[in-house]
Structure formats: C-alpha cells, structure tokens
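A.B. asks: Have a look at the structure that comes next, please.
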Amino acid sequence: MILQRPLALTATIAFTVVAAGFGLATPQRAEAAAPPTVDPVIEWNRTLLQLIRTPGVQPATVHPTRNLAIMHLAIYDAVDAIERIGAPYAKGIAAGKHASAVAAADQAAHDTLVALYPTHQADLDSELRDDLTKIRNSSAERQGIAIGKASAKAIMTMRTGDGSDASPPQLTPGTTPGSYRPTPPNFVPPVFTHWPKVTPFALNRANQFRPGKPPALTSATYIAALQEVQHDLQLR
C-alpha cells in the first residue's frame, strides 16, 4: 500500500465537505515516494480556487461548487480504489495494491481540471509534472496514474449531460405573493436560474428536502400563524 495515512484522511474529508483536509497522523509505513511537501488534495484545491477566482475563467452560468465537487470526487475515488477508505462514488475503478495514491490523486485532479478548464492545460500539465517527479517508485507511479485517469474519466462521464451547460431561463420579477423580487441594494437580476434542474450529486432530486408550498393567504393556517406573529410583536 503506497500511501501516507494523511492523504487517505484528506481525501475522505474532501469527499465529505468538498474541501481540503488535514495531514495529522504519522506515516503508516515507508512511502516509496518522497513525502509530498504539500498534501496533493490541498494543493489541487488551491489550484482550482485560483482558477475560480481569476476573472473570466469560471463560466458565468456554471456554479463553482460543481467543479469543486467533480475534482474532489475524482480524487476520493482514486485514493479509495487503493486505500479502501469508504464506499466509492463511481463504480468499477480497478486498483493495484502497490499503486501510489499520491500519483492517483494528482492525476485525478489534473484530468478533471483539464476537462473543466481546457484553456489552462499547459499550466495544469506543468503542475502535474512537478508533482510526479517527487515519486521515486516508477511502477507505483504508473499504477497510480492509471487509476487517477480512470477515476477522473468516470466522474466526468457521470456528469455529462447533467444540465449545467443549459442556458439560464429569464426570471421575470413579479409583485404578487410568492413571486420573485430583486433584492437590495443593487437589485441585480437572478443568476443560476437553471440550477434547480441540474442533476444533484447526492440527492435523488433537487427538491428532495424542500419544504412544501406555504398555506394560502385566506386559509385558517395562515391566519393563525399571522396572528401568532402579531401577538409576539405586541409582547415585545
């Protein structure tokens, strides 16, 4: 098992909260690669955040959280295929027990970002080359690269046609109860109006836990709730 325990921990945390984790534990056994100076999950998370924050790079109609989820799911599945740290998100990713999980994480992150930001491939390729040069075991590196590629491809395939590239429909403000109204101070138009129809990553459907419609304004339920609020305000 070619991995330091902190990377498995970080990949697990990243899968759970779509963020970088911590490298706190001591190595489980001697790594066949030079210990990374920066956890690869944290490193690639920073790279993605830099892309997102660079003006004009992130597509205006694609929410950044989608890309964060895609990259971290690919990293998690790549590491999990070697470490078996939990249930995989995508199925059927084969692994060799002597593969480098560091190489797998690096390759998975790289391939997803190249797919999401193809115009930045040169910079991403350079970062990957620098990372892979730190791995001394060539056989473990080759296996890890193959796993990372397979994981990234599986996640990108799952997200193909998820609705994120649809044109956002125009949402016309209204004045009736329940209608959308622009909010102060700038009263800007709504964004990501197509996102309710984008395939969720974990839910069965976007409105799975959404509360039902409010009661009608003329219903006894609404009147009772209104009177309760009015009474509470009078007490204050």
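The values are calculated or read from the model by the stated rules, or taken from the named source; none is laboratory data. Not measured: the values here are computed from a predicted model. A quick note on method: Cβ atoms are made from the backbone with ideal geometry, for glycine too, and the neighbour counts reach across all protein chains shown.
A.B. asks: Which of the residues spanning the range 38-88 are hydroxyl-bearing (Ser, Thr, Tyr) and in contact (Cβ under 8 Å) with a residue 60 or more places away in the chain?
C.D. replies: Within the range 38-88, THR47, THR61, TYR76 qualify.
A.B. asks: Conditions: (1) touching a Phe, Trp or Tyr at 6+ places or on another chain (Cβ under 9 Å); (2) surrounded by 10 or more Cβ atoms within 10 Å (Cβ to Cβ); (3) among the hydroxyl-bearing types (Ser, Thr, Tyr); (4) free of Cβ contacts under 8 Å to residues at least 12 places away in the same chain. THR133 meets all but one. Number of the miss?
C.D. replies: (1)
A.B. asks: I've got another one for you. Would a scan of the range 11-22 turn up a residue that is at pLDDT below 50, farther than 20 Å from HIS110 by Cα and part of a loop (DSSP other than H, G, I, E, B)?
C.D. replies: Yes: one or more hits.
A.B. asks: Across the range 145-187, which residue is surrounded by the most Cβ atoms within 10 Å (Cβ to Cβ) among those that are over 23 Å from ASN67 (Cβ atoms) and among the hydrophobic types (A, V, I, L, M, F, W, C)?
C.D. replies: Ranking the qualifying residues of the range 145-187, first place goes to ALA146.
A.B. asks: List, please: which pairs have Cβ atoms under 6 Å, are six or more places apart or on different chains, and start with a residue in the range 110-122 that is over 15 Å from VAL62 (Cα atoms) and of a type in the set (A, V, I, L, M, F, W, C) and end with one that is modelled with pLDDT of 95 or more and in a helix (DSSP H, G or I)?
C.D. replies: Short answer, once both residue conditions are applied: VAL114/GLN121; VAL114/LEU124.
A.B. asks: Scan the range 133-173 residue by residue and report those that are aliphatic (A, V, I, L, M) and touching a helix residue (DSSP H, G or I) at 6+ places or on another chain (Cβ under 6 Å).
C.D. replies: Passing the criteria: ILE135, ILE145, ILE147, ALA152, ILE155, MET156.
A.B. asks: Give the range 212-236 a look and list any residue that's within 26 Å of GLN170 (Cα to Cα) and modelled with pLDDT of 90 or more, or say none. Reasoning before the result, please.
C.D. replies: Applying the first criterion (within 26 Å of GLN170 (Cα to Cα)) to the range 212-236 yields 212-214.
Residues satisfying the conditions do not exist here.
A.B. asks: Something else now. Can you tell me which residues in the range 197-236 are within 23 Å of THR176 (Cα to Cα) and surrounded by 12 or more Cβ atoms within 10 Å (Cβ to Cβ)?
C.D. replies: Those that are within 23 Å of THR176 (Cα to Cα) and surrounded by 12 or more Cβ atoms within 10 Å (Cβ to Cβ): PRO214, PRO215, TYR222, ILE223, ALA225.
A.B. asks: Something else: Looking at ILE70, ILE93, ILE75, ILE82, can you tell me which residue is at pLDDT below 95 and part of a helix (DSSP H, G or I)? Full working, then the answer.
C.D. replies: Values: ILE70 fails: at pLDDT below 95; ILE93 fails: part of a helix (DSSP H, G or I); ILE75 fails: at pLDDT below 95.
ILE82 is the lone residue from the list that is at pLDDT below 95 and part of a helix (DSSP H, G or I).
A.B. asks: Counting just the residues of the range 82-100 that are of a type in the set (A, V, I, L, M) and closer than 14 Å to LYS153 by Cα, which one comes out surrounded by the fewest Cβ atoms within 10 Å (Cβ to Cβ)?
C.D. replies: Here is the first cut: in the range 82-100, the ones of a type in the set (A, V, I, L, M) are 82, 85, 87, 90, 93-95, 99.
Filter once more, keeping what is closer than 14 Å to LYS153 by Cα: 90, 93-94.
Details: ALA90: 20, ILE93: 23, ALA94: 8.
Here the residue is ALA94.
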